[in-house]
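My questions will all concern the structure given below.
The values are calculated or read from the model by the stated rules, or taken from the named source; none is laboratory data. Note that the structure is a prediction, hence the values are computed from the model and not measured. All Cβ positions, even for glycine, are placed from backbone atoms using ideal geometry, and neighbour counts span all protein chains on display.
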Amino acid sequence: MRFTLQNLKKGVALAIVLPGLFSDHVCASVMLFATEAELVAATGANGPISPPFRGASASPLTFGAFTISSDPGVPFGVANIVGLFTGSKLTVAGGPFFSNFELDIAFLSRAFGFTVGSSTHGAGVGDSLFEVSLLNSAAPVDTFQFTALANATQFIGFQSSSFFNEIHIREISGGPDTLNLGADQDREAFGRFFLVPEPSTLALLGIGTLGLLACSRLRARRRP
């Protein structure tokens, strides 16, 4: 069972059943957010995080806590594409290729977000349907879909009830990307990543907050 982003109400958590993966039905839930502010308010996610500029290459790109790769042999680069969202943008290069990416995170997380911008040219090009799969060390966790609207920019934020450290973004319909402006063009770019700090960081922040509260109470008691 899958749910599409356009059919969800803001801040509603849905149970996603992953059939055939376990002997009994195991449910996880994913909550989707339509804006950066909503994701940050609900999860404390840090961002935006932008990938460093680089030319087209089929090799993985590592920066910060991320390692990003595309389909085998498909070059991708990071550029500043005019007309889309601000900041550097991750996109496949040349073509025709589909916008398929895998993001490996250096630690377990439960929330993530990114901006996707779509640039189209030609009468035969329209919206693109994407599927996002969350995994924990290759074990499936959650799956949902969203539609990248033609010539539009939108934010895709989500929080899972289970930890994950891999995100697979697959373009399942809409046509392969191409930079040939003389023909129909379908091109998506990704950037402005948001990520919740690793659990150990959150735990330290929590301990520090509790320590400050305890000190404040002790000082209050010692006052005459």
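Could you tell me whether any residue of the stretch 141-162 is touching a Phe, Trp or Tyr at 6+ places or on another chain (Cβ under 9 Å) and surrounded by fewer than 16 Cβ atoms within 10 Å (Cβ to Cβ)?
No, that holds for no residue.
With respect to THR91, determine if the residue is of a type in the set (Val, Ile, Thr), at pLDDT 85 or above and closer than 19 Å to ASN80 by Cα.
The answer is yes for THR91.
Just for strands (runs of 3 or more DSSP E) wholly inside the stretch 36-143: which have at least 2 residues that are in contact (Cβ under 8 Å) with a residue 12 or more places away in the chain and closer than 25 Å to PHE158 by Cβ?
Because the criterion is at least 2 residues that are in contact (Cβ under 8 Å) with a residue 12 or more places away in the chain and closer than 25 Å to PHE158 by Cβ, the strands (runs of 3 or more DSSP E) in the stretch 36-143 that meet it are 46-49, 61-63, 66-70, 76-79, 89-92, 101-121, 128-136.
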